[in-house]
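See below for the structure under consideration.
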Amino acid sequence: MNFLKEKLTTFISSLLLVIVIAFAIIHHSSNDVAERFINSNTNDEVGNTDFSRHKQHVEIWRKKLGIDLPIFYFSVESLAEKNEFNPSDAIDLKYWIPVIRFHTDNQFHRWLFGDDVFSRGLVRGDFGSSYVTRQPVTELIKGRIGWSIGLTLLAILLSFIISIPLSFRAALNSGSRFDQLLKSSSLLLISLPVFWLGLLLLLLFANPDCLNWLPASGVAPISESYSGFLEKIISTIPYLILPTLCYMVSTMSFLLISIRDSAFEELQTDYVRTALAKGQKESTVLYTHVFRNLLPTLLTFFSYAFPAAISGSVLIESIFGIPGMGLTIEQAVYGKDYPVLSAVFLISSLITLLGFLITDLIIARLDPRTTVKISA
Amino acid sequence: MQSTINSRLTAFLRNQKSKRILWCYIIAGIFAPFIAGNKPLLFINKGGIHFPAFSSSAYVELQPEEKPVLVNSVDWRSMNATLCILPPVCYSPNELDPHNANFASPFGTQWQQLTNGELAPLTWRHRHWLGTTRTGQDVLSILIHGCRTSLLIGFGAVGLAALIALLFGLFAGYYGNEKLHYRRTNLLLGIIIFTLSIFYSIQLSNAFQLSSTSQWLLFAFIISFLILLARKMLSIFSRSSTSKVKLAAFPADKLLTAITAGFISLPRLLILLSLAALWETSITGLLLIIGLTSWAEAARVIRTEMLRMRSLPFMQHAQQSGASDIKIILHHALPNLSATIRVLFLTGIATAILSEAGLTFLGIGLPFDTPSWGALLFEAKRNLQAWWLVLFPGLVIFTLTRVLFTLSKK
């Protein structure tokens, strides 16, 4: 029970930070929010925009969006309510007495729960409308999450499948040339910047002057339409090889060394030594004793690798032009499209934090020893 | 025995090679304007001896009778001089070379304009050895000046992160949950007075029309100090400490660990992107953002080490001999943590440099007139025919990161 409480407090404190940052992204300056919604397309023949009614537009939108409301549920003010301050107010005694006022109707409440007029609130799934394209954010990112998460999961699974046998073999023959090769190549891979690797691979494989084996960007051929589901998958594969390779390199650099070190520790334990002394085959020992006992550790590595891959997806998707969440974030930052940025940031962070929590719970179920704390 | 000596020798030499490469980077960063620039190091003409590269004034008088000349914008190569020694790479990073613009390759012919207006091939001395960008900036000089930017951001961000991580880790590890005892009334009073002092400092700064954050903080500091002083003086009149006083423990460990845990599981690149999108970024801005998001893992490691060290004999002897807490932390514990701190420092610098290059590569980090390695890769992304914009900056980043990771292994 204490274990659950600890993990929940971590989850909730990170969630609070994430919500505060997501709220601050949209509402960090009150001018931006109102002025971005104004559709000032009143032009005369020459094309000059008509700014004479700009102030009225701003006022209308401020009332609609509720910008003049206070920001949070409570605010600390002085007893003398004044919006603008004159230095002569300081003599008034009421100025020096602090008072906490509570407001139930404020911007934070509206952002979370929504007034039913303009927005339905975050808890019902309304992330607002994009400043650039004026469409709801949920429509913008609906199709794109699938690409990001699918590609990331595929890459991480492949890197686990490749790195587990290699690391186990290196741990078995520790100190041999294979082991040293693994260590030095892991150092090389971890210091390789992922964006440089992507550009180099593009230069090598997608260059018409060099080998022209793989296409450069996008996820599907534009012109042709494939009827079958299988044909669609087969036609997408050449586009996905290079991005998956980039994700895999950045994950494997961390995995190779970590799995090798954990497997090496497991091989020094008594039960493995007994099994080997009994005459068990090495492969059986590896995959029944060592792998089973390493499963919680492997799940921990998975829970680190997945958010790192989501963060790295911004770089890789911007190089290869994959329509995923990373590309959405990049376009949102360029166009200063704060609702989209806040929504994507919120969703990615939520996936990260939920991943950590679920992994901890699964590990607690697999290995109950982690729930017992030995007090120092 | 033989293999142990051999492996230790190779490890030591590998460290030595890495240290030499790191010093090359640091020297390139410090002396960048004297290695790559278009102001000559030595300029002798009939008017006398001048050192334009070292001068801090904007004007220099070349001839005693003529008017002074603007150091930055005059074309030193076309001046008549007895002796003019330019730096080894004779282009500065912001200098646009219109005759070699639009991506001159390092292997092709490069052009210059002679004094009579016609184009001729460039001599070996003034050649762009690693090619140019779209506007004609020399890649080699951007690489050298970019050392300075990256190392500044790396050291600055990690310095800030190390300060915060040390603060959190050392205090959380040393004090634990039970150690800080105060009188219950004093603890409650302290918390209330601290929050009140923030309010009064804001009101005071409004009253005196002060608007910057640092002046608010100064006021909060002064007011809390004064109030604590008043409380100390008042406590003389309260009950003496020999009678029964209720003590409460301030749970420093729980509080600091909760704050650290909140920051650890945040996705770093996404937060950096969001923060960089809100405020326009400069070197100091990027430094602050990277430093403020990367201290959490280091704080957790330092706290674990401190917890392990707290039960060691020398620490307990120091406590029993009556050393003050600060002295134990700074004088006894911190030097023993130096190995861990060195590892965290070096890996932190590598991660900070990679983050800065990644952000500038996306177009979000530094403004494009600051020379940076990520800016070259950003240009390369759009124009993949310029392979020299991909290979050389990436090689530089890769070598620096590999050197830092090699030096950080135990």
Fill in the blank from the handout: Taking alpha-carbon centroids only, the stretch B:331-410 lies from the stretch A:316-376 a number of Å equal to 24 Å
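Cβ under 12 Å from A:I190's Cβ, A:I190 left aside: what net charge do those residues give with Lys, Arg +1 and Asp, Glu -1? The partial results should precede the final answer.
Details: positive: A:K183, B:R402, B:K409; negative: none.
Surrounding charge for A:I190 is +3.
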Exercise for the section: Select from A:I237, A:I164, A:I347 the residue whose mean-square fluctuation is largest in a Gaussian network model of chain A (Cα-Cα springs shorter than 10 Å). Expected result: A:I237
Practice task
Name the long-range amide H neighbours of B:W111: under 5 Å, sequence gap of 5 or more, or other chain; modelled H, no Pro or chain starts.
Solution key: B:L122
Exercise for the section: Take the Cα coordinates of the protein assembly as shown, assign each an equal point scatterer, and use the Debye formula without solvent to give log10 I(q)/I(0) at q = 0.11 Å⁻¹. Expected result: -1.50
Practice task
For helix B:388-407, report the angle its Cα long axis makes with the longest principal axis of the Cα atoms of chain B; keep it between 0 and 90° and round to the nearest 10°.
Solution key: 40 degrees
Exercise for the section: Apply 1/(1 + (r/R0)^6) to the Cβ-Cβ distance of A:K336 and A:K232, taking R0 = 35 Å, and write down the FRET efficiency to the nearest 0.05. Expected result: 0.50
Handout entry: Residues with amide H under 5 Å from that of B:N45, placed H, sequence gap 5 or more
Key = B:H50, B:T82
Problem - Contour excess over end-to-end distance, with Cα ends at B:A11 and B:I49 and 0.36 nm allotted per residue - result: 8.7 nm
Completion exercise
Evaluated at 20 °C and 1.002 mPa s, the Stokes-Einstein D of chain B based on the Kirkwood radius over Cα pairs, in µm²/s, stands at 82 µm²/s
Problem - Relative contact order, percent, chain A [alpha-carbon distance under 8 Å, six or more residues apart] - result: 21 percent
Handout entry: Computed helical MRE - 222 nm, chain A, DSSP H runs ≥ 4 contributing -39500 (n - 2.57), nearest 500
Key = -20500 deg cm²/dmol
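How big, on average over all directions, is the shadow cast by the Cα convex hull of the stretch A:101-194, in nm²? Intermediate results must be reported in sequence, preceding the final value.
Values: hull surface 47.7 nm².
For the stretch A:101-194, averaging the hull's shadow over all directions gives 11.9 nm².
Would you tally the net charge around B:T351, using a Cβ to Cβ cut-off of less than 13 Å, leaving B:T351 out, and scoring K and R as +1, D and E as -1?
Values: positive: B:R268; negative: B:E297, B:E356.
Local net charge: -1.
Out of the stretch B:243-321, which trypsin sites (Lys or Arg not before Pro) are coil in DSSP terms and have no more than 12 other C-beta atoms within 10 Å? Don't jump to the answer; show the numbers that get you there.
Values: sites: B:K244, B:K246, B:K254, B:R268, B:R300, B:R303, B:R308, B:R310; in loops: B:K244, B:K246.
Passing sites in the stretch B:243-321 are B:K244, B:K246.
List the DSSP H helices in chain A whose Cα atoms stretch 20 Å or more along the helix axis and whose mean Kyte-Doolittle hydropathy is at least -0.5.
Numbers: long enough: A:2-27 (37 Å, 1.57); A:144-172 (42 Å, 1.67); A:229-267 (46 Å, 1.03); A:291-320 (39 Å, 1.17); A:338-366 (41 Å, 1.91).
Helices meeting the criterion: A:2-27, A:144-172, A:229-267, A:291-320, A:338-366.
Subtracting the Cα-Cα distance from 0.36 nm times the residue separation, let me have the gained length for B:F314 to B:A248 in nm, one decimal.
Working: separation 66, 0.36 × 66 = 23.76 nm, distance 2.81 nm.
Using 0.36 nm per residue and subtracting the Cα-Cα distance, I get 20.9 nm.
Against the globular-protein guess of 2.2 N^0.38 Å, express the Cα radius of gyration of chain A as a ratio, rounded to two decimals. Don't jump to the answer; show the numbers that get you there.
Numbers: Rg = 27.7 Å, N = 376, 2.2 N^0.38 = 20.9 Å.
Its radius of gyration relative to the 2.2 N^0.38 Å reference: 1.32.
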Handout entry: Stokes-Einstein diffusion coefficient of the stretch B:7-56, Kirkwood radius over Cα pairs, 37 °C, 0.692 mPa s, in µm²/s
Key = 240 µm²/s
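Give, rounded to the nearest 20 debye, the magnitude of the charge dipole that the protein assembly as shown has about its Cα centre when Lys and Arg contribute +1 at Cβ and Asp and Glu contribute -1 at Cβ.
Values: 64 positive and 49 negative charges, 687 e Å.
It comes to approximately 3300 debye.
Taking the highest mean first, how do the peptides A:258-270, B:324-336, A:330-342 order by number of other beta carbon atoms within 10 angstrom per residue?
Details: A:258-270: 17.2, B:324-336: 14.2, A:330-342: 20.9.
Order by mean packing, descending: A:330-342, A:258-270, B:324-336.
Counting each DSSP H run of 4 or more residues in chain B as -39500 (n - 2.57), what helix-only mean residue ellipticity at 222 nm follows after dividing by all residues, to the nearest 500 deg cm²/dmol?
Numbers: 13 runs with 229 residues, N = 410.
The helix-only estimate for chain B comes to -19000 deg cm²/dmol at 222 nm.
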Practice task
Among B:F392, B:F361, B:F221, determine the one that fluctuates most according to a GNM of chain B built with springs between C-alpha atoms less than 10 Å apart.
Solution key: B:F221
Completion exercise
The base-10 log of I(q)/I(0) that the Debye equation returns for the stretch A:321-370 at q = 0.18 Å⁻¹, one scatterer per C-alpha, is -0.63
Fill in the blank from the handout: Ranked output for segments B:371-380, A:150-159 by mean other Cβ atoms within 10 Å, highest leading, reads B:371-380, A:150-159
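Using Cα pairs closer than 8 Å and at least 6 residues apart in sequence, work out the relative contact order for the stretch A:152-283, in percent.
Values: 105 pairs, mean separation 53.7, N = 132.
Value for the stretch A:152-283: 41 percent.
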Practice task
For chain B, find the longest principal axis of its Cα atoms and tell me its angle to the long axis of helix B:373-382, 0 to 90°, nearest 10.
Solution key: 60 degrees
Completion exercise
Length-normalised contact order of chain B, Cα under 8 Å, at least 6 apart, in percent, tallies to 19 percent
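Only the coordinates and a few stated rules stand behind these numbers; no lab work does. Every value quoted in this text rests on a predicted model; they were computed, and no experiment measured them. Positions of Cβ are generated from backbone atoms using ideal geometry, with glycine treated the same way; all protein chains shown enter the neighbour counts.
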